[in-house]
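Written out below as structure tokens is the structure these notes cover.
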Amino acid sequence: MLRSYSAEASEGVQKTMYYVYILKSQKDQSYYKGFTEDLQAQFEKHNRGGQIYTSKKKLFELEWYCAFKDKTKALAFERYLKSGSGFAFSKKHLI
């Protein structure tokens, strides 16, 4: 089971964590890279067929994920993973 965590700031205010993740399709062994604020809910949505791009490739395994405190950095890393050099990086180091 996946868990979504929030980081506690020093002032006691909860901050959301932002996740970049890689899923592997059990159907055709392809990979999907994405971003979310709720990893558990997003993973379940993919496996229910709730995302258009991944609906025909379900079921998925969570292959890798990383949590970020900063949304801008998380989105930038997701974009990088979807680029040519990011694809090569993920294949060599993450999956």
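The values are calculated or read from the model by the stated rules, or taken from the named source; none is laboratory data. Keep in mind that what you see is a predicted model, and the values were worked out from it rather than measured. All Cβ positions, even for glycine, are placed from backbone atoms using ideal geometry, and neighbour counts span all protein chains on display.
Pairs only if they're at least six apart or on different chains, beta carbon under 7 angstrom, first in segment 59-84 and closer than 11 Å to M17 by Cα, second modelled with pLDDT under 95 and aliphatic (A, V, I, L, M); list them, first residue then second.
Sorted first by the residue in segment 59-84, then by its partner, the pairs are K69/A7.
If you scan segment 55-76, which residues turn out to be loosely packed, with under 15 Cβ neighbours inside 10 Å and charged (D, E, K, R)?
K56, E61, K69, D70, K71, K73, listed by residue number.
Of everything in segment 36-54 that's more than 13 Å from the chain's Cα centre (by Cα) and loosely packed, with under 14 Cβ neighbours inside 10 Å, which residue is nearest to I95 (Cα to Cα)?
Step by step, filter segment 36-54, then rank; the result is Y53.
Restricting to segment 55-94, name every residue that is under 16 Å from Q26 (Cβ atoms) and either in a helix (DSSP H, G or I) or within 13 Å of the chain's Cα centre (by Cα) (or both).
S55, K56, K57, F60, E61, L62, E63, W64
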